Amino acid sequence: MVWKECELPEASLYDCPLPLLGCFGGPPSFGHQVEVGQAETIIWDESRRCFAFHWRSLLDQASTETYFHKLQTLAPWDQLKGRKGQILRSTSWYVRDGCTCDYTYGDARVSSSQTKSRSQFVRIMEELTATVFSTLTPSLGPECWPNSANLNYYADGTQSVGWHADDETLFGGESQDCSIISLSLGGRREFWIALKDESMEPIQDTIVEMDLRDGDVLSMEGLMQKHTVHFLTREPVQRAGLSPPRINITWRWIVNHRRACALRHCPVTTPSAKIITSGANSKIWTRPWWQLGEAWHLQGVETLHELQTQWMEGWPELCASGRTRLMALPSLCQKPLLWPKA
Ligand SMILES: O=C(O)CCC(=O)C(=O)O
Ligand SMILES: [Fe+2]
């Protein structure tokens with residue numbers, strides 16, 4: 001789907017580089033079958049700075065079955081109910097590394113403190129986070145992995161999530177780049193994405209439909225939460241009650257911790273740069289590096305801090321020279337990122 005260009009374009013990738021998770025494993029494909037582990041581009045809208053990618057079967061069946069079973073039985077599920085008392089779905093909330101932020105979803109508040117007593121749940125989530133992110137972004141360490149995840153349990157095809165954006169203040173998605181990565185376990189379900197109008201309603205002729213199957217990963221990146229809404233549909237009535245259960249894990253980066261959280265003033269590390277170290281040289285890949293080809297070599301620069309202090313001054317000339325486009329000088333990343341030497 002190609003959306004009509006936005007009249008008031010957002011900052012371009014050229015002016016404000018953004019490392020896209022969908023590009024970590026090589027050029028993402030557009031609209032054709034890709035190899036396992038490679039991303040397919042679902043949305044590439046530079047004018048709105050909206051990007052979405054789909055990895056089919058990132059996790060194999062043995063892993064998905066194990067994690068499905070463990071999470072189904074051990075996650076501290078809270079049932080969300082509609083006005084008539086019907087169960088909409090169940091949710092659970094996971095935070096890493098001493099964060100105590102809770103999460104509000106509509107009227108429901110999902111507390112993180114309950115997860116403290118659920119050390120088994122935390123262990124499973126740690127393991128699953130490591131499995132997924134060491135596959136998606138092998139060159140980034142655990143300090144760059146998301147610091148939270150929302151989990152949904154859909155008992156059957158009657159349970160769903162209506163049109164919404166993940167634009168809570170915690171994640172900053174209403175106004176700044178915000179990556180959200182979701183993993184599907186269990187039954188296949190249909191997922192829709194659309195541009196939104198001023199009243200947060202989907203614009204009908206922009207709807208992108210896709211299937212999310214067991215083991216699939218979907219990322220929504222850049223300003224997706226500002227410009228679009230998404231929807232997990234109900235299954236058609238005749239088969240809704242028979243559809244197999246599904247668990248969805250949606251990882252996010254909390255960038256605005258709550259006032260009571262000990263991490264309130266701690267810098268957040270997101271994968272805002274891709275520096276590949278090889279030998280004595282660090283390279284920053286140009287963007288899109290598979291089109292422009294040449295990578296920019298940075299002698300001996302190992303941390304983002306060095307990169308910023310040593311290179312920011314020369315940045316306008318570098319861009320103006322047209323020699324290269326730097327892949328990433330992050331807005332969100334306030335902490336130096338260290339990459340291991342090859
Ligand atoms: O279950 C899904 O795939 C979507 C869940 C979702 O959009 C959310 O939790 O915000
Ligand atoms: Fe969502």
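For residue 4, the aspartates and glutamates whose Cα comes closer than 16 Å to its Cα, not counting residues fewer than 8 places off in the same chain, are 45, 46, 197, 205.
Note on 239, 96: ascending count of other Cβ atoms within 10 Å places them as 239, 96, the fewest first. Taking the Cα centre of segment 55-252 as reference, the dipole from Cβ charges on Lys and Arg (+1) and Asp and Glu (-1) amounts to some 780 debye. Placing R0 at 25 angstrom, the Cβ-Cβ distance between residue 238 and residue 73 gives a FRET efficiency of 0.25 after rounding to 0.05.
Pairs of lysines in segment 55-252 whose Cα atoms sit within less than 29 Å of one another amount to 7, provided the residues are eight or more positions apart or on different chains.
By its C-alpha gyration tensor, with a ≥ b ≥ c as the square roots of the eigenvalues, how is segment 181-265 shaped: rounded for a/c under 1.5, else prolate for a/b larger than b/c, else oblate? The shape class here is oblate. FRET efficiency for the residue 1 to residue 35 pair, using the beta carbon distance and R₀ = 22 Å, is estimated at 0.45. With a ≥ b ≥ c the root eigenvalues of the C-alpha gyration tensor of segment 55-252, is it rounded (a/c under 1.5), prolate (a/b larger than b/c) or oblate? Since a/c stays below 1.5, the shape of segment 55-252 is classed as rounded.
Every read-out reported here was derived from the displayed coordinates using simple, explicitly stated rules and does not represent laboratory data. What you see is a predicted model; the values in this text were computed from it and never measured. Backbone-built Cβ (ideal geometry, glycine too); neighbour counts: all protein chains shown.
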